[in-house]
1. With unit charges on the beta carbon (Lys/Arg positive, Asp/Glu negative), name the residue among 383, 437, 373 whose Cα is farthest towards the positive pole of the charge dipole of segment 280-488.
2. Rounded, prolate or oblate, given the Cα gyration tensor of segment 417-469, with a/c below 1.5 counting as rounded?
3. In vacuo Debye scattering of segment 280-488, one point per C-alpha: log10 I(q)/I(0) at q = 0.13 Å⁻¹?
4. Under 5 Å between amide H atoms, partner at least 5 residues away or on a different chain: which partners does residue 37 have, H built in plane at 1.01 Å?
5. Could you check how many percent of all C-alpha pairs in the chain are farther apart than 35 Å?
6. Quick one: 3J(HN,Hα) in Hz for segment 185-193, Karplus 6.51/-1.76/1.60 with θ = phi - 60°, rounded, Gly and Pro as x.
7. Calculate one ³J(HN,Hα) per residue across segment 384-392 by plugging θ = phi - 60° into the Karplus curve 6.51 cos²θ - 1.76 cosθ + 1.60, and present them in order as whole Hz with x for glycine and proline.
8. Cross-link candidates for residue 224: which aspartates and glutamates have Cα within less than 14 Å, leaving aside residues fewer than 8 places away along the same chain?
Amino acid sequence: MAADAAETEYTQGYDFVVVANRLAVNRITQEDGTEDWQRSPGGLVTALAPIMAASEGAWVGWHGAPDETLEPFDHEGMHLHPVPLSEQEVEFYYEGFSNGTLWPLYHDVIARPLFHRRWWDAYRRVNQRFAEAAAQVAARGATVWVQDYQLQLVPQMLRDLRPDVKIGFFNHIPFPPPGLFAQLPWRHSVLRGLLGADLIGFQRDSDARNFQRAVRHRLGHYIKADQIYVPLQEEDDAGSQIPGFSADPSRGTAPRQLSAPAPGSHRVAEARAFPISIDTDTIVDLAGREDIIARSKEIREELGNPETVFLGVDRLDYTKGIRHRMKAYEELLHDGDLEVGQACLVQIASPSREGVESYQRLRDEIELTVGRINGEFDTMGHTAIRYLHHSYPIEEMVALYLAADVMLVTALRDGMNLVAKEYVAARKDATGVLVLSEFTGAADQLRQALLINPHDIDELKAAMVKAAQIDPDDAKKRMRSLRRQVVSHNVKRWAQDFLDRLHHL
Ligand code: F6P
């Protein structure tokens, strides 16, 4: 492209660009059969939409259907730039490298990560496509915010294409300890990809530290107070490959640089924690709506008015500890500490990544377990577990939060866990108990929850019994403190904190 043409294009581009695997809208079919787009309900979109509307924003992402190329379009004050993926790229880049390699590796290898070179090649190719799309829509000097583990190579690829833009990256999932990260055959390329950003955000301090340790160990870069000194020379090499091979350009560890490099020889990338939150206002408003309160009462009635409703809400994912929760519940029923009719567990398991084998196996196991427990403990009038393999609109979720005496979040590893925060936000009268795994990012902020190690089944059982029998004053004290945290740290504040820091760098 001629320099003049590029100049014209950049001045016509967008000042704020979000790059995420998924576009900020979902395709819906209207009653008359016509198709339309609807803004995605998630917290990230809710937080960023007003920033987009106020500052000429564009969102780059995949629209969810394979083998379909769509023209960019505008929707509710947002410019949407769809990135196409072929069916094979969905298999290799999304189901494969993103969710068959990185997801299990970054979640403590709860499932075995698979390392396939053809998946890595697709991941690189697709990341390059996202970077090119971002480079195309960003105005000169724009802010580009890249989201999550599916796009870790985009920051450096984009910097190579557009050195004029400010680049932020946020990792929504954990970043693994160096000993686990070391398993990744393409670990150097991933680190260099991320270091293309000016600001790299993580959920927990421990994630940011893990990343810094991997950078120090593998690349030897000098790091001081969250600032990583990235040699300028190395940027030229980033992503370069030996022709015909998928291997990392450099292997093993690097000698550690012990003092700050000479001025002019490096740029600085900052890596630190920005714990994400939820759109608290929306949840609080819904929790006060008459129809939703009525629905929550109806749910309890439909369950036969048990004394204690336990609730689990998860994507059907092996990281969520659903089996551990069911094992604890089954033992409590078996030992007579809980009784069907008096207690009921509602488990919402929303369908997820159904093309990935480990998710298909998990579904079979969970459904077998539910069948076994219900077969053994159900009575004519009451069920032990009400298992629902569906997704629900936020209104129904809030009604469920209001209906539940005890929320069970037993993840074996979770970047944050926003369900825990939604439950707290919904409990306006400060009743209800949150049982929360210490392996979630949320546990760093929600210290007054009943914190548990989900691998310790006896501890989990004790927490479930304690939650069912808790002294109401103790419960209220805990919930009030949790609510103070959640209400004062909503997702808009998270986005603003991140962007303020990025602009300050
Ligand atoms: O937690 C990471 C995440 O990518 C979320 O952003 C998303 O809601 C969830 O996993 C499910 O992702 P997907 O259905 O796109 O694989």
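The values are calculated or read from the model by the stated rules, or taken from the named source; none is laboratory data. All of these numbers come straight from a predicted model, not from anything done at the bench. Cβ sites come from the backbone with ideal geometry, for glycine too, and all protein chains shown count toward neighbours. Areas reflect the complete protein model, heavy atoms only, side chains present, ligands, DNA and RNA absent. Shrake-Rupley method; radii C 1.70, N 1.55, O 1.52, S 1.80 Å.
1. 437
2. Taking the square roots of the gyration eigenvalues as a ≥ b ≥ c, segment 417-469 is oblate.
3. Each listed q corresponds, in turn, to -0.67.
4. For residue 37, the qualifying residues are 28.
5. In whole percent, the share of Cα-Cα pairs in the chain beyond 35 Å is 36.
6. Once θ is set to phi - 60°, the couplings for segment 185-193 become x, 10, 4, 5, 5, 5, 4, 5, x Hz.
7. Calculated HN-Hα couplings, in order: 6, 10, 9, 9, 10, 8, 9, 9, 10 Hz.
8. Of all the aspartates and glutamates, those that pass the test against residue 224 - Cα under 14 Å, at least 8 places apart if same chain - are 270.
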